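The values are calculated or read from the model by the stated rules, or taken from the named source; none is laboratory data. What you see is a predicted model; the values in this text were computed from it and never measured. Cβ: placed from backbone, ideal geometry, glycine included. Neighbour counts: every protein chain shown.
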Amino acid sequence: MKVSVALIALLFGYAYAQGKIDKVAYVDTWPANDQTPAGARGVVGYNEIGNGTCTLKFPDAVYWFHMFDGDIVPSKSSVSEGLYAITAPNKDWQDTGNFSFVVNFFFETFNASQILWSCDVSDSSPLSVESFPNNMEQNYTRARITDLNMTDQTKIILTLPDSVDNFGVDAPAVVEAVNGNAYTIGNFGVQKEVSFKFRFEFNYLTRWFSASEITLSSVEGAEEEEEETSRKRRNAHF
């Protein structure tokens with residue numbers, strides 16, 4: 001453990017001094033046992049990315065991936081391909097020049113040198129979600145969604161890949177509609193002030209899934225209401 005802590009400090013210090021770590025580095029690894037698959041803790045650095053996106057690509061799918069200090073961009077990620085898109089929208093504690101993560105593998109263990117890493121400042125990702133679950137055993141998840149383009153008219157549509165129980169959101173946000181595993185969430189504006197983020201929570205029912213497996217979309221409420229009105233008029237005409 002002392003070696004790992006020292007190595008973490010060394011890598012983070014290098015990242016701050018140089019502005020980036022060009023390649024992924026492991027700071028700790030462990031073999032598989034009866035309780036957990038083989039895994040690793042890693043770190044990678046970058047220049048300031050603003051609202052851009054970084055991608056971390058494993059050679060193949062992994063059992064579990066969790067990012068500690070960056071958000072996941074589900075629309076640009078693919079769990080089956082081992083591809084994870086990461087952004088840093090919360091400037092008060094993210095976008096510090098370093099990302100750290102933990103990963104558990106299926107059967108084959110990948111070396112850090114096999115992991116591809118790149119960042120694109122111009123690839124804006126305004127809609128993102130906090131990485132979850134925090135471990136492979138939890139049956140409850142609580143996470144944050146950030147929409148940098150959010151207004152008091154915004155509706156967020158969160159679609160989960162499987163059924164869950166006790167889904168809820170923090171006030172003032174409210175769940176306005178549920179269609180299968182899709183939740184329409186709105187009411188973000190409070191006295192014309194919008195926080196650009198909100199938290200949701202649920203209990204897993206059949207299996208755990210990750211932030212990279214959900215689907216997020218954002219629409220403006222006024223546009224949504226106008227489309228619904230037009231649809232009703234068309235139906236009434238026929």
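Values computed for the structure shown
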quantity: Per-region count, the range 88-115, residues assigned to a strand (DSSP E or B) and at pLDDT below 95; calculated: 3
quantity: Condition broken by Thr55, with the remaining ones in (1) touching a residue at least 12 places away in the same chain (Cβ under 8 Å); (2) assigned to a loop (DSSP other than H, G, I, E, B) satisfied; calculated: (2)
quantity: Options Tyr26, Tyr46; residue that is more than 21 Å from Pro133 (Cβ to Cβ), out of contact with any Asp or Glu (no Cβ under 6 Å at 6 or more places or on another chain) and modelled with pLDDT of 90 or more; calculated: Tyr26
quantity: Selection within the range 185-195 - hydrophobic (A, V, I, L, M, F, W, C), modelled with pLDDT under 95 and either exposed (fewer than 13 other Cβ atoms within 10 Å of the Cβ) or touching a Leu at 6+ places or on another chain (Cβ under 7 Å) (or both); calculated: Val190
quantity: Condition broken by Ala182, with the remaining ones in (1) within 21 Å of Pro89 (Cβ to Cβ); (2) surrounded by 13 or more Cβ atoms within 10 Å (Cβ to Cβ); (3) under 18 Å from the mean Cα position of the chain (by Cα) satisfied; calculated: (1)
quantity: Conditions (1) touching a Lys or Arg at 6+ places or on another chain (Cβ under 8 Å); (2) among the aromatic types (Phe, Trp, Tyr); (3) at pLDDT 95 or above; number of the one not met by Phe198; calculated: (3)
quantity: Residue that is surrounded by the fewest Cβ atoms within 10 Å (Cβ to Cβ) [pool: residues in the range 138-175 that are polar (S, T, N, Q) and within 25 Å of Thr206 (Cα to Cα)]; calculated: Asn166
quantity: Residues within the range 201-226 that are part of a helix (DSSP H, G or I) and either within 22 Å of the chain's Cα centre (by Cα) or at pLDDT 90 or above (or both), tallied; calculated: 3
quantity: Hey, Ser131 loosely packed, with under 14 Cβ neighbours inside 10 Å, of a type in the set (S, T, N, Q), over 14 Å from Lys57 (Cβ atoms) and touching a residue at least 24 places away in the same chain (Cβ under 8 Å) or not; calculated: no
